Every structure is written in C-alpha cells, then in structure tokens.
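To start, the structure itself, in structure tokens.
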Amino acid sequence: MNTELTRRIDVAQAQADNAREILRREWLSTNGLGGYGSGTISGTVTRRYHGLLVAALPAPFGRVVMLNHLAEHLRLNENRRVLIGGEESRTAGENGTQEHYVKEFRLEHGLPVWVFEAWGYTIEKRLLLIHGQNTVHITYKLLSGQECAKLELCPSVHFRRYEHDVTEPFAAGYSLMIHERRYELATAGLPYPLRLYVNDDKACFRHEGGQVREIGYQEEADRGYHSRGMLWSPGAFTIDLRPNRPVTLVASTEDWASILAIDPESALAADLARRQRLVDATQPVVQTAPASELVLAADQFIITPAGRIEDAARARAGGDEVRTVIAGYHWFTDWGRDTMISLEGLTLTTGRYHEAAWILRTFAYYIRDGLIPNYFPDGEREGVYHTADATMWFFHALDRYLHATNDRGTLQLLLPKLVDIIEHHLRGTRFGIGVDHGDGLLKQGAEGYQLTWMDAKVDGWVVTPRRGKAVEINALWYNALCLLTEWLRAEQGAEAAAPYEEHAKRARESFNRRFWSEERGYLLDVVDGEHGDDAAIRPNQIFSISLPHPVLDEAHWPAVLEKVRSELLTPVGLRSLSRGHPDYKARYFGDLRARDAAYHQGTVWAWLIGPFVDAWLKVHPDDRGGARHFLDGLIKHLDQGCVGSISEVFDAEEPFTQRACIAQAWSVAEVLRCWAKTAEPAA
C-alpha cells in the first residue's frame with residue numbers, strides 16, 4: 001500500500017475538539033456510473049443525499065437511494081448490545097456521558113475505512129463501490145479483542161429519487177424474498193430490487209417483519225427542507241468476526257450473476273490496482289501527495305452515464321464510448337460549462353486522453369442551434385440549453401485537448417460543428433445570444449433566464465441576470481474566434497480563416513474600448529445592460545487575462561490582477577463580489593432563497609483560483625512558488641468538508657466555512673491543474 005495515498009482523521013480527537021464540526025466532515029465513494037455512497041465520517045446521517053448505495057439507474061429513474069443506512073451493533077451477550085456505527089454512532093455510557101466508538105477514519109487510495117473501538121474490541125470497516133456496477137461491499141474485520149466479535153447489521157431503506165423530500169415515499173409497501181441466503185427487497189413501481197448477501201456461511205438473518213422508524217436529517221433542517229422521514233428495515237444480519245477472517249455484506253441492484261461474479265477480496269484488489277494505475281498514468285509532477293489524492297478525487301467525477309442507454313448504443317455502434325462529468329456531489333448531474341472547465345484538470349493532467357476525447361464527442365453530438373447543453377436533468381435523456389458561455393468553454397476545452405494530444409482527427413471531425421457554432425452566434429440564436437454587429441461583442445439575455453455561470457434562480461427570481469454584454473462571455477468569445485481562426489488556417493488555409501480573424505480583431509478593439517474603465521482601474525462586469533453599465537467588482541474580469549488568447553491589452557493586466565487580488569482573493573478561492581458592494585453577502589446559509597441570494601454575491605468559489613493562478617503567472621512568469629501558495633488553503637481543506645476532495649463554495653469571511661456541494665468537479669480539477677502548472681521545472 002502506498003502510504004502517501006492514505007489520509008487519516010482522528011475522529012475521537014476531532015469529536016472532542018468540536019462535536020458539531022465533525023458532522024461537517026463527510027466521505028464520498030463513487031462507481032463510475034453516477035452512483036455513489038456518502039455520509040459523515042462519524043456515522044451520523046445528516047442529509048437526504050446520504051446512503052451506502054445511491055444507485056444510478058436507467059431513465060426515467062435516475063439516481064435512487066437504495067440502501068439508506070446500516071446500524072451496526074456489537075453484541076456483548078444475549079441481553080446486551082451497543083450501537084457502534086450507523087446513523088447515531090454513539091450511545092449513552094453508564095455514567096450518563098456520550099460515548100463514541102468511531103476512533104479513526106481514513107482514506108486508503110481514496111477508499112473509506114473506519115476503525116471502531118468498543119468494550120475491548122477493535123473492528124475495521126471498509127466500503128467499496130464496484131466500478132461500473134450499482135454494488136457496494138461493506139467489509140468488517142476484527143483487528144484485536146477476544147477470539148470472536150458478534151456483530152448485528154440492520155439495513156434500513158426508503159427507496160426514493162435521491163433529490164426527493166425525505167417525507168415522500170418512492171412507492172407504497174416493501175416485500176422481502178429469501179432464497180438460499182440471498183435476500184431481495186422490492187417495492188411496487190421500481191423494477192430494480194435491492195439484493196443483499198453476506199459472504200459467510202455462518203451468517204444468519206433475523207426477519208423482524210418490517211420495522212419502521214423515524215430518522216432526522218440535521219443538514220436538511222439547516223437548509224430549510226423537511227428533515228424527518230421514515231425508514232423501513234426487514235430485520236438484521238448476525239455475523240461472527242474472527243481474526244484474519246473478514247466478512248462482507250453485499251448490497252446491489254445488479255443481477256445475481258454479476259453480484260457473485262467476483263468475491264470481495266478480489267474486488268478490492270482489482271479496485272486498488274485500478275486506482276494505482278490512475279496515479280501512475282498522470283504527469284510525474286502529480287504522482288505524489290497531495291496531488292495524487294486529487295487524481296483519485298478527479299476520478300469520482302468522470303462517469304459513463306448509466307441512465308442514457310440510447311447514447312451508449314449509438315456511440316458503440318460507431319466504435320466510440322460515452323463519457324461525461326458529474327459537476328458535483330451530491331445533487332448535480334453533468335453540466336456543459338462545468339465539464340468543459342474541468343476537462344483539462346480531470347482528464348489531461350491525469351493522462352486520460354481517450355476519455356477527454358469521448359467527453360468532447362459526447363457533447364458535440366448534442367449541439368443544437370449553436371449551443372451545447374447547459375445540463376442533463378437526472379433521469380432524462382435530453383439536455384437543457386440555457387447557457388451563453390458553456391459553448392465558448394467547449395472551444396477552450398478542445399484547445400487544451402489538442403495542445404496535449406495533437407489529435408487532428410478529432411479536430412477535423414468537430415471543425416464543421418465549430419464553424420456552425422460561430423455562425424449561429426453571428427446570426428443570433430436562442431435566449432437572445434448573438435453578436436451586436438454595431439461593435440462585434442457578444443450579447444445575451446432573455447427574461448426569466450440566467451445564462452452566465454452566475455446562474456442562481458429561485459421562484460422565478462434571477463438573482464444575477466447580467467443581461468447585456470458580460471465581460472467573461474466576451475473574453476471567451478474572442479478566445480473562441482482566435483482558436484477557430486488557428487484551426488481553419490491549419491486545416492483549410494488562410495482564406496477560410498480570414499473572416500473569423502476579422503471578427504476577432506473587431507471584438508478585441510471593442511472590448512478594450514467598452515470594458516476598460518480608466519477612472520476605476522479595472523474592467524466593467526457588464527456593458528449595455530438592462531440598467532446601463534455595471535461596475536461591480538467581480539472575478540469575471542480575470543478571464544480577460546487568463547485565457548490562452550487574452551482579450552485585454554497587456555498594459556492593463558497588472559491593474560486588473562491587483563484589483564482582483566486585493567478585493568476578491570481568499571485562502572480558498574475568489575469572492576464572487578467585493579465587500580463594498582451593497583448586495584454583498586458574507587455567508588452562504590439558510591433556506592433556498594437565502595442561499596441563492598448569496599450564491600454569487602460574495603460567496604467564495606474554489607474553481608476561480610485556477611484562472612487567477614493563470615493570470616498571476618502571465619503577469620509574474622517567474623513566480624511559480626508564489627502562485628503555488630495560492631493553493632495552500634485548498635490543500636488544507638482536504639481534511640475538512642468531504643475528506644480528500646474540495647467543496648463547491650465557501651463563506652466569504654473567516655473561517656471560510658465550506659458550503660453547497662461537498663465535492664465539486666471544477667474545484668478539484670482547477671487545483672490539480674494548477675498544482676501541476678506551478679511545479680518547478682526538473683533540474
């Protein structure tokens with residue numbers, strides 16, 4: 001075992017230091033299909049999204065919570081047992097104090113492991129989601145104590161779509177079928193039963209007729225949602241743990257042949273070997289911790305979408321594969337913008353070039369009216385297209401891919417689609433997206449829609465509409481025009497490239513004339529907006545420097561960079577709005593409306609550290625060490641939030657508490673990419 005790929009958390013000490021904070025540390029394990037398992041490292045359930053198996057099922061079902069919880073009791077004698085793990089993970093001691101039995105949590109090669117200590121026993125628990133299956137292995141091993149430890153494992157379920165309210169049943173009634181130590185839990189309306197199996201002939205099952213109990217979800221209460229729901233349990237498994245004889249509970253929605261095709265020991269060995277290959281395939285500068293841990297975190301977002309069967313069939317018929325990127329766990333699906341921004345860090349820094357190509361070709365298939373999808377709703381087959389920038393990021397992602405691979409075949413395949421995209425933008429396309437032929441800049445905006453990455457909307461309220469000509473949209477537009485010019489010149493000659501080169505020159509001239517504010521010393525955020533020009537200090541202006549073809553005149557780079565550094569930079573990313581603005585919000589907290597009001601109004605975004613580092617190195621090309629230090633707070637964060645990964649956003653003020661998604665693709669991707677970029681050259 002590569003000890004560099006082990007991250008340890010002393011749960012007992014952390015619990016003693018701050019019992020509330022330990023509930024904010026979570027774990028995540030994924031299966032390469034979009035399914036996952038997740039919970040708090042202490043064992044307490046706090047979210048509706050928590051579960052040991054959240055299966056990715058074909059449309060129209062999507063992700064479904066199949067195995068919600070597993071209560072783990074250590075039986076001391078016939079009349080006494082103690083709860084050592086599960087939804088509470090603690091019990092009252094004899095003196096009335098709270099006793100905690102989870103002593104350690106660690107990630108080994110990104111896989112979660114717990115150590116319980118109770119009544120003279122030390123027990124290890126490992127969890128593995130089988131790659132490419134909706135199957136979880138939960139393995140227990142006696143490390144020390146008497147010759148035998150007797151464990152009772154009580155599974156509880158509430159089959160429901162993972163985003164559904166905890167009070168809503170997926171369907172009424174559960175049934176249990178038992179056949180030769182194989183168990184199936186089923187419910188009407190869901191054609192995928194939960195199959196349970198223990199790989200020990202001496203294990204027994206006690207059928208209790210279906211116990212129903214209520215459970216609370218504290219994080220849902222904090223977020224303004226219903227926070228108490230019912231769980232159903234068929235009974236309990238009893239297993240005997242002996243030294244060097246691990247026992248595994250298997251839970252799956254797969255058929256029995258697939259479930260039994262590989263034993264738990266072989267499955268673990270195969271998965272560890274797969275993970276080591278992922279690290280070995282990367283750039284050498286990211287093959288040691290903490291970057292190697294981020295390589296494994298990156299793997300969690302790259303999936304073969306289980307729900308889109310037609311996509312897979314169409315791709316395989318053409319000798320291709322379907323790949324996409326989950327934008328964030330727990331609740332995001334695959335988003336075009338997030339995928340294209342993340343592609344370099346997730347796939348190119350990690351040497352996964354074939355998958356990068358598959359991702360690009362997958363999204364290229366879905367181009368409609370010159371746009372790639374904004375996102376694919378969970379459990380549905382078609383994308384939603386209301387985005388003005390995701391398609392421009394598609395050009396950037398392809399450029400990064402070609403820079404890494406020089407795959408001219410993929411460029412030639414996609415080039416007609418790229419020309420079509422630009423032509424649609426020149427003519428005008430959906431949602432008011434199109435070029436203003438008065439100045440050559442790209443405008444966007446439609447009533448009721450949020451088209452830039454600052455896309456919060458609740459109850460019809462678009463918080464930051466930014467309609468008009470947004471600064472980062474036009475930086476991306478210029479970059480895309482320059483890239484298309486380069487590609488056409490190389491593939492078809494100067495005559496084919498000339499019109500787009502002229503559009504690029506005009507856009508650049510207008511950009512510098514319209515967006516640069518000499519009086520303020522920075523770039524406007526929006527020009528020709530609904531209420532005129534918007535001079536809010538936001539991070540969007542950094543893209544005028546950071547992209548491969550910077551649209552901003554170089555003379556203004558230092559001023560813009562310094563404005564962003566002084567007003568927006570934090571240890572965990574960039575604020576989305578400066579403190580002095582009247583709409584500034586220091587905390588991202590509360591119900592949905594309160595959170596969305598703060599989402600892009602001060603809240604810190606981790607992924608923005610990437611373009612900031614890019615801009616910094618353009619202005620200070622010899623300061624790799626200084627640029628690396630901008631990542632320090634996010635590397636420290638690997639012990640917080642989702643252990644081993646990076647959160648979506650943070651509060652705008654100290655202590656910069658992590659918020660929203662516990663693991664976000666572009667956060668991980670940009671930190672990993674910048675770690676590689678800021679490495680000192682080999683001597």
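Each value in this text was obtained by applying a stated rule to the coordinates, not by laboratory testing. Computed from a predicted model, the values in this text were never measured in an experiment. Note: ideal-geometry Cβ built from the backbone for every residue, glycine included; neighbour counts use all protein chains shown.
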Subject >> Total formal charge among the other residues, if their Cβ is under 13 angstrom from that of L523, Lys/Arg +1 and Asp/Glu -1 >> reply: -3
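What Kirkwood hydrodynamic radius, in Å, does the range 438-579 give when the mean of 1/r is taken over all pairs of distinct Cα atoms and then inverted?
Values: mean 1/r = 0.0624 Å⁻¹.
Answer for the range 438-579: a Kirkwood hydrodynamic radius of 16.0 Å.
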Original post:
Using 0.36 nm per residue, how much length does the chain from E518 to N77 gain when fully extended, once their Cα-Cα distance is taken away?
Top reply: 150.8 nm
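Return M230, M66 ranked ascending by Cβ neighbour count within 10 Å, so the fewest neighbours appear first.
Ordered from fewest to most neighbouring Cβ atoms within 10 Å, M230, M66 come out as M230, M66.
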Original post:
Considering the alpha-carbon set of the range 352-411 alone, what are its Rg and its Dmax in angstrom?
Top reply: 12.2, 35
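Taking R0 as 25 Å, what's the FRET efficiency between R8 and D240 from their Cβ-Cβ distance, rounded to 0.05?
Numbers: r = 28 Å, r/R0 = 1.14.
About 0.30, to the nearest 0.05.
All other residues with a Cβ under 12 Å from the Cβ of L294 taken together, and with Lys, Arg as +1 and Asp, Glu as -1, what is their net charge? Kindly include the intermediate steps, with their values, before the conclusion.
Values: positive: R7, R673; negative: E293, D299, E670.
Computed value for this residue: -1.
If you stretched the chain out fully between R213 and H164, how much longer would it get, using 0.36 nm times the residue separation minus the C-alpha to C-alpha distance? Could you put the intermediate results ahead of the total?
Working: separation 49, 0.36 × 49 = 17.64 nm, distance 1.86 nm.
Gain on extension, R213 to H164, equals 15.8 nm.
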Original post:
Taking a spot 7 Å from the Cα of A555 along the direction of its beta carbon, which residues of the range 521-542 have an amide N less than 19 Å from it?
Top reply: 521-524
Original post:
About the Cα centre of the range 3-275, what is the dipole size in debye to 20, counting +1 per Lys and Arg Cβ and -1 per Asp and Glu Cβ, all else neutral?
Top reply: 140 debye
Subject >> Two-site label geometry, E310 and K150: point separation in nm, points 7 Å out along Cα→Cβ >> reply: 5.6 nm
**OP:** Within the set of other residues whose C-beta is less than 12 Å from the C-beta of Y401, count the net charge using Lys and Arg as +1 and Asp and Glu as -1.
**Re:** 0
Subject >> FRET E, pair R565, H226, Förster distance 30 Å, beta-carbon r, rounded to 0.05 >> reply: 0.10
**OP:** Please list 160-166, 653-659, 50-56, 439-445 highest first by mean number of surrounding beta-carbon atoms within 10 Å per residue.
**Re:** 50-56, 439-445, 160-166, 653-659
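Mind jotting down a quarter of the surface of the convex hull over the alpha carbons of the range 555-683, in square nanometres, one decimal?
Values: hull surface 34.1 nm².
For the range 555-683, averaging the hull's shadow over all directions gives 8.5 nm².
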Original post:
Straight-line reach from K677: which aspartates and glutamates have Cα under 19 Å away, leaving out those fewer than 8 places along the same chain?
Top reply: D280, E293, E344, D399, D614, D622, D623, D632
**OP:** Show which lysines lie in cross-link reach of K103 when reach means a straight Cα distance below 24 angstrom and same-chain residues fewer than eight apart are skipped.
**Re:** K125, K141, K150, K636
**OP:** Determine the relative contact order of the chain: mean sequence separation of Cα pairs under 8 Å and six or more apart, normalised by residue count, in whole percent.
**Re:** 11 percent
Original post:
What whole number of Å gives the distance from the Cα centroid of the range 261-287 to the Cα centroid of the range 109-128?
Top reply: 21 Å
Original post:
Excluding same-chain residues fewer than 8 positions from K417, which lysines have a Cα within less than 25 Å of its Cα?
Top reply: K443, K469, K505
**OP:** Provide the convex hull volume over Cα atoms per residue for the range 3-275, in Å³.
**Re:** 138 Å³
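Rounded to the nearest 500, what is the 222 nm mean residue ellipticity of the chain from helices alone, with -39500 (n - 2.57) per DSSP H run of 4+ residues and division by all residues?
That calculation yields -9500 deg cm²/dmol at 222 nm.
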